[in-house]
Amino acid sequence: MNIFAIAALVIVGFYLFSSVIILREYERGVIFRLGRALVPPKGPGLILVFRPFDQIVRVSLRQEVLEVPSQDVITRDNVTLKVNAVITLRVLDPAKAVIEVTNYVYQTSQFAQTTLRSVLGEVDLDGLLSHRDALNQRIQTIIDGRTEPWGVKVVSVEVKQVDLPESMLRAMARQAEAEREKRSKIINADGEFEAAQRLVDAARLLAEQPTTMQLRYLQTLRDIGAEKNTTIIFPLPIEMLSLLQRTVTAVTGAAAPPPEEKQG
């Protein structure tokens, strides 16, 4: 009798020992006892699972990264491209994540693929490339609304890569080159206009003060003389040229013979 009692105690001890489960800080255990879920979920720490009456499903509360496969998207301006994304999600209610859906990761992936195609198909290519943050927020809001009944929270959605066809890449390169050339011509024309305006202002100022022209001559000679060269520049005032021209004209007029008178 004592042997049977000891054997029974040993069996009960092994059973209790095998029923002990330790859950980590980020884990929760959804226990089904005779098919019914025990709420709230158990953990973290040490819990007891009495098999075969109890069955446990472990659920992680850590964030999970889900990569959405590359999708063929046709934008509103009929540009075909391939887009993939990355989704970050986490479980807020372990009981709902186990009871309400078979596999919340697979389900979220499928919803993400359809949402990615539908949302990006409503915008044109320029909007996709320039307003990516707004599109990420919109996709996140739509997917989060679908996963909220499962107790799953979509933390963020990021469009990871946009693959454009080669013809579109060449067209965009030509467009960018033309835009840069346009800006270059505009900047060059603005520079020419400002330079001409400065020259007009300088000419007006020199006309008001003729003495400044002589000062300008002297400054130019000083700049030339500062360098080692053999060039000699002699400034000749314009007034001297005018005086010389008048003298030559007067001398030429005095030396010319008088015109002969016509005989009737």
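The values are calculated or read from the model by the stated rules, or taken from the named source; none is laboratory data. Just so we're clear, the structure is a prediction, and the values are computed from it rather than from any experiment. For neighbour counting, all protein chains shown are included, and Cβ atoms are generated from backbone atoms with ideal geometry for every residue, glycine included.
Worth pointing out:
- Flag for residue 44 being touching a strand residue (DSSP E or B) at 6+ places or on another chain (Cβ under 6 Å) and not assigned by TED's automatic domain parsing to the domain that holds residue 148: yes
Quick grid of which residues meet (1) surrounded by fewer than 15 Cβ atoms within 10 Å (Cβ to Cβ); (2) assigned by TED's automatic domain parsing to the domain that holds residue 41; (3) farther than 30 Å from residue 37 by Cβ; (4) in contact (Cβ under 8 Å) with a residue 60 or more places away in the chain:
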residue: 87; (1), (2), (3), (4): no, no, no, yes
residue: 98; (1), (2), (3), (4): no, no, no, yes
residue: 108; (1), (2), (3), (4): no, no, no, no
residue: 116; (1), (2), (3), (4): no, no, yes, no
residue: 119; (1), (2), (3), (4): no, no, yes, no
residue: 123; (1), (2), (3), (4): no, no, yes, no
residue: 127; (1), (2), (3), (4): no, no, yes, no
residue: 135; (1), (2), (3), (4): no, no, yes, no
residue: 144; (1), (2), (3), (4): no, no, no, no
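- Looking across region 150-180, the residues that are in contact with a helix residue (DSSP H, G or I) (Cβ under 7 Å, 6 or more places away or on another chain) and not β-branched (Val, Ile, Thr) come down to 150, 151, 153, 156, 158.
- Identification of helices (runs of 4 or more DSSP H) wholly contained in region 102-211 with 1 or more residues that are among the acidic types (Asp, Glu) yields 125-130, 132-147, 166-208.
- All conditions in (1) under 30 Å from residue 113 (Cβ atoms); (2) surrounded by 12 or more Cβ atoms within 10 Å (Cβ to Cβ) hold for residue 72, with the sole exception of (2).
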